Each structure stands twice: as C-alpha cells, then as structure tokens.
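Single-structure report; data block below.
Rule-based calculations on the coordinates, nothing more; no lab input. Not measured: the values here are computed from a predicted model. We place every Cβ from the backbone using ideal geometry, glycine too, and count neighbours over all the protein chains shown.
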Amino acid sequence: MSTLGILGGGQLARMLVLAGTPLGVRFRVFDTVADACAGQIAPLATAGWDAFDALEPFAREIDAATFDFENVPAETAAWLTAHARVAPNARSLATAQDRVLEKTLFRECGLPTTEFADVATRADLDAALARIGAPAILKTRREGYDGKGQFRIKSMADADAAWEVLGPQAATRGLVLEGFVDFDFEASVVAVRSGNGEFRAWPVTRNWHVNGILSASLAPAPRGESIGASAFAHARAIAEKLDYVGVFALELFVRNGELLGNEMAPRVHNSGHWTIDGAVISQFENHVRAVLGMPLGDTSARCPSCMLNWIGKLPDRDRMIAIPGTHWHDYGKSPRPGRKVGHATVCAPDAATLAARLEQVGRALGREAQVAPVIAALGMQA
C-alpha cells in the first residue's frame, strides 16, 4: 500500500484524499496551520515551511509527495525533492509561481500571450505603459491568486494609484504589467501526464469569474470542440517541456477563435471540480494515479455539468440537493468573506435539462445572477 504526502492541507488536498482512498492509498498532509481542512480526514503535521526537522519524519513516512497549492517555497520543494519522489517537479512549481517565467514558457511552447513587461521600479512601470498602453493590469509576479495582488489601470492617469498599492511589493514579490485582453470568454484545459509521458485531457471548460474568483465552470464548453484540438496541443507541449507529472490546468482567454495563455496551475484546479461528478475519472483520482505511477483513467465527460463555487458561506444545502442531478461538496471550513467554503455540481443528460436545473438552483438559492451567464451559454447549443 502506497502513502502519498501532500504539502498544503486545503480543500484540494481533502479531495485528493477522498479520491485516492478507494484505490488503497494512504495519505499524510503537511501544512502551516492546525485547522487545515484536509486534517479532518487524514493525518496532519503542522510546522513552518522552513522547519526541515518537522519535514524529515513526514518524508520518511511517504512513498511520494505532491502539492495542493503552488506557493510552497522553492527551498521547501528542493529539500523535499532530495528526500522523496516529488511530482510535479520543482521546475514546474517554480515556473508557475512566477508570471513572467510562466508567460515566457507559454511563448516558447508556441502559445501566444498578451503583451507583458517585468516591472521593478516606477520608471519601469512608466516605460511599460508607454509600450503596452492602457487599459492594462499591474500584478505581483508571485503569490497573487483569486484576484489578489492586482490593480487594473484603466488609463495612464491610474499609474500613480497602481504604484501606491503594489509598488511596495516590487522588491519582494516582483511586479508585471500585462496588456488588457478584450476576450470573448475564459476557458481552461485540465490535463494529466504520467511519468511515462502518457497525456490525457478533460473536455475544454468554460469559466466565469466574479471579483477575480471563479464563480462557475461549464463542461464540456459550448462549441469547445472548435478550440479543443489547439488547446490540448498547447497543454501537451507545456507538459512535455516541463517533464510534468500529475494534473495541471492551463487557463486561456478565447478571442475571435484565437487562444491566449493566461496562467498555469501546477496542481488539481478549481475549474476541474466538475470532474468528480461529471467525468468517468476525476482530476483528483487521476492525479493520485499519475504521481504514484498507476495507469491513467478515462477523462471523458459522462454528461454536461456545471460547477458552482460557494464563496464566503454555504447556501442552503437541502434546497440544493432536492434538485435532481445536484451534488454537494462541503469543505469543512468556517465561513469568511472571499473564502472558498464549498461547491456544488449540477449534472444533466443534455444541455436543455442542465439549463432547466440551473434555473431551479437560481430560484431556490437566490443565485439567479450566478447561474444566468451559464444558462445563456447553454442556449448557444440549442
């Protein structure tokens, strides 16, 4: 029986444990906080990321290690790699932690991106704005996620305000200016690669964000087959360049049929949560399989599915699960503004039935605004 160690004990680790346990896999989780929600279902060790004396017994107990979030310090990843088999590898983690390295990789692999520029000083920002123009988005190079560490520059006059907010982080996290993309919609490819180079991907997923946080994901994406072959090819090229092992997500902007690379997540991903209920084998089970060297499973969709994120607090569970085809996932977290505390997936045999069920969800939970854009997209398939 294999034991898999997970650095990071949030909901992604929790769902990895739930998916891998039926395979006979044991788990150990390491996090910096004692209330990490994965600790409710798996042994949890807690210490700082630089507490290598605490990591040593953790490393002795496991056959391989993986991550549930990408901001584990590089020094920690390097130390663990010297003591255990780690997937994805440290290079993948380091690349995805840095937006400049990430976009440079995309371009090297033939995936276009918006214009971008490294920004270390206020003079750099002025020069980048002169070249790229406004609107644009100033972001931290590292550690920004779910809309954090970003400032939208609507016109050149916003440069002072942008620098006041993010300039103090230039020395520690670095900054990057990215040209604003007037896209048609956001999509993602969630894919998996094994140690022997086998590559599989789930259907293209369409995503909607509110305040920088994922609100809903729909799969298969309406008319996603028109971009699927290109999206899968880009994802495969990136995975092979990094010698990646495990599940990852490639986030894309779609504009007039053209794909632009936005970000890469070197882990299981929020936009792939629908695979638990809507795919033959979920992203979580396939990640466990890949990291431990098992055969990969079928990534086909079983039915049209829509994942709805619960942010801040959970809605009424019983009203939700009374609707046919709905699946509830509570992360065991205390409520807090902006925090992902759970999700639900609505499944149906066809697009029309899925739209009808989402209308029921909207009425029952007062979530009409959350489901409305998904229902509109489903209408494209009529």
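Ordering 160-172, 95-107 by mean Cβ neighbour count within 10 Å, with the highest value first, yields 95-107, 160-172. Entry note, the chain: the mean residue ellipticity at 222 nm calculated from DSSP H runs of n ≥ 4, each adding -39500 (n - 2.57), is -9500 deg cm²/dmol after division by the residues and rounding to the nearest 500. With Cβ to Cβ distances under 12 Å as the rule, what net charge do the other residues near ASP31 carry (K, R +1; D, E -1)? Result for the local shell: 0. Counting lysine pairs in the chain whose alpha carbons fall under 24 angstrom apart, excluding pairs fewer than 8 residues apart on the same chain, gives 12.
When you restrict to C-alpha pairs under 8 Å that are six or more residues apart and normalise by the size of region 51-160, the relative contact order lands at 18 percent.
Shown here for region 1-92: GluC sites (Glu not before Pro) in loop regions (DSSP other than H, G, I, E, B) with at most 16 other Cβ atoms within 10 Å, namely GLU61. Ranking of SER217, SER226 by neighbouring Cβ atoms within 10 Å, starting from the fewest: SER226, SER217. Put the Cα centre of region 48-79 next to the Cα centre of region 309-334 and the gap is 32 Å. Quick check on region 210-267: take the gyration tensor over C-alpha atoms, sort the square-rooted eigenvalues as a ≥ b ≥ c, and tell me if it's rounded (a/c under 1.5), prolate or oblate. Since a/c reaches 1.5 but b/c is at least a/b, the shape of region 210-267 is classed as oblate.
Taking a ≥ b ≥ c as the square roots of the Cα gyration tensor eigenvalues, the chain comes out rounded, since a/c falls below 1.5. Across the chain, C-alpha contacts under 8 Å between residues 6 or more apart give a mean separation that, scaled by the residue count, equals a relative contact order of 14 percent.
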